[in-house]
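See structure below.
The values are calculated or read from the model by the stated rules, or taken from the named source; none is laboratory data. All of these numbers come straight from a predicted model, not from anything done at the bench. A quick note on method: Cβ atoms are made from the backbone with ideal geometry, for glycine too, and the neighbour counts reach across all protein chains shown.
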Amino acid sequence: MNTMIEIDVTINGRPRTLEVAANHTLLEMLRDDVDLTGTKECCVVGECGACTVIVNGRAMNSCLMLAAEVDGAEVVTVEGLEMTDDLSPLQGAFLDEGAAQCGFCIPGQLMAATALLMHNQDPSVEEIQEGLAGNLCRCAGYEQITKAVMAAARGAIDA
Amino acid sequence: MHNVGASPRRGGGYGRVTGHQEYLADIKLNDVLHVKLVTLDVARARILSIDTSDAEQVPGVAFVFTPDDLPKPMPRFGPIFQDRPVLAEGEIKYHGEPVAAVAADTKDAAEEGALRVKVNYEKLPGGVFTIADALAPDAVLVQDPALRPGDPLADTNVMSEKRFGWGDIDAQEADLVVEDTYQFPMVTHFAIEPHGFMAAPEDGGIALWSTIQHPYLLQKMMAKMLGLSLSKVRVQAPDPGGGFGGKQIPKYEPLIAYMALKAGRPCRLVLSLDETFQAVRRSSAEIRVRTGFNSEGYIQFQDIETNFLVGAYVDIADRVVGKSSYAAAGPYRVPAAKIIGRTIVSHTMPSTAFRGFGIPQISWAREMMMDEAALRLGIDRLEIRLRNLARFNDEFIPLERADGDWEQTVRIAAKRIGWGDPLPPDHGRGIAVGLKSGPTTGLSYSTVRLLFDGSAIVYAGTSDMGQGARTIFAQIAADELGVDFDQVRVVMGDTSVVPYDQQTSASRSSVLMGTAVQRACHDVQQKVADRAAKHYGLDEDSIKIASGLLVLPDREVSLVEVVQEVLAPLGGEIIGNGEMRKDKDPNHPLGGTAAFFEFNCTASEVKVDKDTGHVTVIKHVTVGDVGKSLNPLQVQSQDDGAAIMGLGHTLMEHYIFDDEGRVRNIGAIDYRILTSMDLPLELHSESVENADGPGPYGIKGVSEGSLLVTAPAVGAAVRDATGALIRDLPMTPQRVWEALQEAKSEA
Amino acid sequence: MNKFEYARPETVAEAVDLLAQFGDDARILAGGTDLVIELRNRWTEPKVVVDVKRIPEFAPSITEHDGVVSISAGAVMADVTASDLMHREFPALPEAAVVVGSVQIRARATVAGNICNGSPAADTSPPLLVYGAVVVVAGPSGKRRIPIDDFIVGPGKTALERGELVLAIELPIPGRPSGSAYTRLTRRRGTDLASITLCCGVDGNGTTRLSYGSVGPRAFLVVDDSGVLADPSVPIAEKVEPLDRMFYQASPSLRSLRASPDYRLAMLRVLGARALETAISRMTKELVT
């Protein structure tokens, strides 16, 4: 038992061995220990979704997870969405539909949307709104975000 | 001209969707000290002593900063009154006012240290938490009268009382007079990015980083406070993650600057979301409206009293009161008006600018009263507004002229909502009009560099917090210079690199900075033309300048092509400067006429669950008179966004206090804003574009219009559906239910 | 957060030993959606946090055996909402689980954690009470089974003793015909904490089981055997008074942030009537098919 824990975690496809403080969250680990600042800190009570990452295929709030809990897990952050040389179709759709205004909630929205599309390739508008209901946007670009997710889904179906 | 009026991909969008964009909290400085604020869990207390010894023992803590570390007398700052101390001096005046700050090598150590600072304090009883509290004859004074020498109001909690008006309201004859008082709650900005501040000593001066919307204002204030020249104060202001006015005015930058100077090292303070709740809010208000009408529903007079509760320090709230009260009578033809606006301090967190700047508060009351009159006179609620609406060029407020075809805007909104169509049971409709003055003074400079390869760099000191300023300046430059939109770089956010911009507020930037950018481009064009004349051996008068082109006597040639010819073989660039200045007018009560007005008509259809009080917005329409949409997608996003934000204070947002002035619902769990599941079932934003604005291509400003009258549109709809009149926002299910119960028992 | 140690036992016995050893100085980490908030606010400052997710018995599972459905302690809300078995036999539970926070929360929050946290507003308590759930617990003295009504004690308090932890929640499959429904009162349609939680179950024997929470120190279960409430043929107007009497346990806090006592009491009646109607119509559907 210890206050510092060694973990093996794959982050954006890259296996890492890290020493993390027992009392640090996954969010702190990502932003401070591995310098992936794309994941944002806002409410830290699991309400706003700005800290959303994908762990073992599911969207989760990294502010409510201890870093030690991802030992052995696969974590994907917004930095892991880009493909070589290009944006992912979802990122492109977000740009085309004007979904990002101030942009601060967008990494979280992208991760929640990515997880949604992983499990549901043909979501309805309601399903998108429900799937992203845990991601607050104060610029309130909800309609544009929903449209972007829909466009990405359609694009993948039509492709 | 193909970029202006189109919706190219947002400037800065790439960084936003990849996570690469650096917001303030993402910037890592070497050898930084993390700062944690020390606050008390009371609203009012006298500070007796601060024991820092335990905190200093925590490994990693560098020092604990208290008022003893600051110059004497305590430095105070503020954009209007210099009333806010850098740290609470002897007394805290609101729940959450910092009394000390801990600087440490790690966030953990700073947090640990802050917990161990022992503040010996004496809780003070009572306090001023409401307007009634503030105006009571035996009220405790929130601020020390000594801060306002010579001010007749110094011994009251009224910081200022403004009187506006025209004509003689008592001389007007009215067939109907309606009078009532409405309340607008305390709400907070809740930008998803909390405020952040960093400072580092630098070469005889200081470097500051802040989420601030007004970097040059911060620069000026800090230079004055620290006795430095402007050139020695460098402010870097990354794009804020949402501002909405809450990041306009300096808050903790002075504290961090003093700490960095003491430490000789960079200091960093990033607020938690909870801390932002105790740092910024909208001025709440009690608005009394007494309006006289003739039997046909034409306004005879407006008698309006606005009491704004602004918090312990005035910040910019006095301007909120003045500017909004001045236009309180609304976009109507009003023969006589008497308006009194008061800035009232309280033992609550300071309010600051917030989208709408006092207009939502006043319009809530005024528009609901228009409905009251319509109902009593038996006139359609749309019709009564059309009868009274100011027409284009009417001097509807002395020195101010209606600058748009507002009737057109209203008719479009009415059509979109289906005004007059039959409604299902439990449904209701409301319609309201609102108006906000644009900036009354302004000063924006821009520099544009047209580079040898045909790309360009635009320097613009505006803050892009999501409204898309970056994008539209690139659009303007691309069109004026004939350059590809994707090849324009816009540089913002660094006072030592980018020339002066007064501020980003009042929806001003597309008009003021847009004009400056356009003029800088014209300067480039003129310089190219001058060189072309020499190079081609032509008379200067024979060369005409068009967008992206020079028209020579025998042909048209692109600007870029000419540049490449005239600057060869060394290359280089053409640099242009532009300035847009709207000077202060000492004869105008607000310091200047409005550069433009944001006029909006909002119409809403709701369904009310009469058993539970839940309000569902079935259809929500907002139409704005924008002059020209430089980027239609961005305009629509801002309008949608403002409408949804307006639904927040209309339906669910408010601070809840206990009876000792402490906030009970700090944070995201118990302060409710709209999520993706709370949207109107149908939301429709539209713009009227008559190219009748003062900015480039006839633009006016946008971004605030759609939340000016959200509340009265919905409030009127709820009344229409249920007969229940609600005067206090937000219209939570419980409030609606209570109003329905009251209506039942009265019947 | 305070500096604590992190333990990750691999067996139930190991976990029990740790919990017995540290008592109140240990906290169990399952989903973490409640615990991490408590840790961050320093409402709890444990010496050790015990992550139970590696214990094989905790692996998320929802299985049926001999007419009893067992939800493992590691099963999260998302597992409940995705389970056909749950929707078929215990529809009010997925109805409750789906409104616990957002997708992100439901991927972590466990049903067991929801009842162990002991909030009077816990969404899963009313359905578990109506369905007569039994909590399977392991401790220093071995395994025991605690009926849910005894397990829930008060705000933040359960029947768990030192060294004990939940292994599973068992629900006996209801007899047919029966119908049940879950509803709640919130401040907005989006994710929210409930100001009232309410579950109603009716069966062909005429029994109505009504559970409601967030109007007192714990969720309450009230049973009506008179047959009046559960009878589809009795008009709603005649059910108002008997239904009203079912709420005698409600004593909402005067100091509540989320809704006033008057409003809550009134909404109990409104939501109770709606949930009853839904439960009856679900039962009636079963009678027909």
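Yes or no: C:Ile115 of a type in the set (Val, Ile, Thr), surrounded by fewer than 24 Cβ atoms within 10 Å (Cβ to Cβ) and over 30 Å from B:Leu674 (Cβ atoms)? Answer is yes for this residue. Taking the stated definitions as given, is C:Asp79 modelled with pLDDT of 95 or more, outside any helix (DSSP H, G or I), among the acidic types (Asp, Glu) and surrounded by 20 or more Cβ atoms within 10 Å (Cβ to Cβ)? Considered against the rule, which asks whether it is modelled with pLDDT of 95 or more, outside any helix (DSSP H, G or I), among the acidic types (Asp, Glu) and surrounded by 20 or more Cβ atoms within 10 Å (Cβ to Cβ), C:Asp79 comes out as no. The set of residues in the range B:254-276 being crowded, with 24+ Cβ neighbours inside 10 Å and closer than 25 Å to B:Arg16 by Cβ consists of B:Arg268, B:Leu269, B:Leu273, B:Thr276.
On the basis of being in a helix (DSSP H, G or I) and not basic (Lys, Arg), does B:Glu579 make the cut? So B:Glu579 does not fit the description; no. Residues in the range B:636-688 that are in a strand (DSSP E or B) and within 14 Å of B:Asn600 (Cβ to Cβ): 5 in all.
Being without any contact (Cβ under 8 Å) to a residue 12 or more places away in the chain, over 19 Å from B:Tyr23 (Cβ atoms), of a type in the set (D, E, K, R) and surrounded by fewer than 19 Cβ atoms within 10 Å (Cβ to Cβ) is a property that does not hold for A:Arg58.
A quick yes/no check of all residues on (1) hydrophobic (A, V, I, L, M, F, W, C); (2) touching a residue at least 60 places away in the same chain (Cβ under 8 Å); (3) surrounded by fewer than 18 Cβ atoms within 10 Å (Cβ to Cβ):
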position	(1), (2), (3)
A:Glu28	no, no, no
A:Leu36	yes, no, no
A:Val44	yes, no, no
A:Ala50	yes, yes, no
A:Val70	yes, yes, no
A:Leu81	yes, no, no
A:Gly98	no, no, no
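Residues checked against (1) under 30 Å from A:Val45 (Cα atoms); (2) among the aliphatic types (A, V, I, L, M); (3) not assigned by TED's automatic domain parsing to the domain that holds C:Ser125:
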| position | (1), (2), (3) |
| --- | --- |
| C:Leu185 | yes, yes, yes |
| C:Ala194 | yes, yes, yes |
| C:Thr197 | yes, no, yes |
| C:Gly201 | no, no, yes |
| C:Asn205 | no, no, yes |
| C:Gly213 | yes, no, yes |
| C:Phe247 | no, no, yes |
| C:Ala259 | yes, yes, yes |
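Among the residues of the range B:19-74, those that are basic (Lys, Arg) and either crowded, with 17+ Cβ neighbours inside 10 Å or touching a residue at least 24 places away in the same chain (Cβ under 8 Å) (or both) comprise B:Lys36, B:Arg44, B:Arg46.
Looking for whichever is more than 14 Å from chain A (Cβ to nearest Cβ), over 17 Å from B:Leu115 (Cα atoms), at pLDDT 95 or above and part of a loop (DSSP other than H, G, I, E, B) here; the options are B:Asp68, B:Asp41, B:Asp31. Which one fits? Before the answer, list the steps.
Values: B:Asp68 fails: part of a loop (DSSP other than H, G, I, E, B); B:Asp41 fails: over 17 Å from B:Leu115 (Cα atoms).
Being more than 14 Å from chain A (Cβ to nearest Cβ), over 17 Å from B:Leu115 (Cα atoms), at pLDDT 95 or above and part of a loop (DSSP other than H, G, I, E, B) holds for just one of B:Asp68, B:Asp41, B:Asp31, which is B:Asp31.
Being within 23 Å of B:Ser629 (Cα to Cα), more than 25 Å from the chain's Cα centre (by Cα) and surrounded by fewer than 24 Cβ atoms within 10 Å (Cβ to Cβ) holds for only one residue in B:Glu407, B:Glu480, and it is B:Glu407.
Restricted to the range C:236-265, and to residues there that are outside any loop (DSSP other than H, G, I, E, B) and within 30 Å of B:Arg672 (Cα to Cα), the residue that is farthest from the chain's Cα centre (by Cα) is C:Asp262.
Of the residues making up the range B:719-732, not one is in a helix (DSSP H, G or I) and within 28 Å of the chain's Cα centre (by Cα).
Filtering the range B:239-291 to residues that are within 22 Å of B:Asp494 (Cα to Cα) and assigned to a strand (DSSP E or B) leaves B:Cys267, B:Arg268, B:Leu269, B:Val270. Of the residues that sit in the range A:58-112 and are assigned to a helix (DSSP H, G or I) and more than 11 Å from chain B (Cβ to nearest Cβ), which one is nearest to B:Thr211 (Cα to Cα)? Only one residue tops the list, namely A:Ser62. So which residues in the range B:701-747 are under 22 Å from B:Ala414 (Cβ atoms) and either outside the structural domain of B:Val608 (by TED's automatic domain parsing) or among the aliphatic types (A, V, I, L, M) (or both), if there are any at all? Scanning the range B:701-747 gives B:Val702, B:Leu707, B:Leu708, B:Val709, B:Ala711, B:Ala713, B:Val714, B:Ala716, B:Ala717, B:Val718, B:Ala721. Please find, within the range B:135-152, the residue that is surrounded by the most Cβ atoms within 10 Å (Cβ to Cβ) out of those that are under 28 Å from the mean Cα position of the chain (by Cα) and under 20 Å from B:Thr306 (Cα atoms). Here the answer is B:Val142.
With respect to (1) touching a residue at least 60 places away in the same chain (Cβ under 8 Å); (2) surrounded by fewer than 23 Cβ atoms within 10 Å (Cβ to Cβ), the lone exception for A:Pro123 is condition (1).
Scanning the range B:117-134 for residues that are in a loop (DSSP other than H, G, I, E, B) and either modelled with pLDDT of 95 or more or among the small types (Gly, Ala, Ser) (or both), which turns out surrounded by the fewest Cβ atoms within 10 Å (Cβ to Cβ)? Ranking the qualifying residues of the range B:117-134, first place goes to B:Gly126. From the list B:Val517, B:Val490, B:Val448, B:Val458, the one residue that fits, being in contact with a helix residue (DSSP H, G or I) (Cβ under 6 Å, 6 or more places away or on another chain), under 22 Å from A:Ala99 (Cβ atoms) and among the aliphatic types (A, V, I, L, M), is B:Val490.
When you check C:Arg108 against the structure, is it charged (D, E, K, R) and buried (at least 23 other Cβ atoms within 10 Å of the Cβ), yes or no? Spell out the reasoning first.
Details: charged (D, E, K, R): yes; buried (at least 23 other Cβ atoms within 10 Å of the Cβ): yes.
When the stated conditions are applied, C:Arg108 passes them.
When you go through B:Gln518, B:Gln503 one by one, which is the residue that is among the polar types (S, T, N, Q), crowded, with 22+ Cβ neighbours inside 10 Å and part of a loop (DSSP other than H, G, I, E, B)? Explain how you work it out, then say what you get.
On the way: B:Gln518 fails: part of a loop (DSSP other than H, G, I, E, B).
None of the others qualify; the one that does is B:Gln503.
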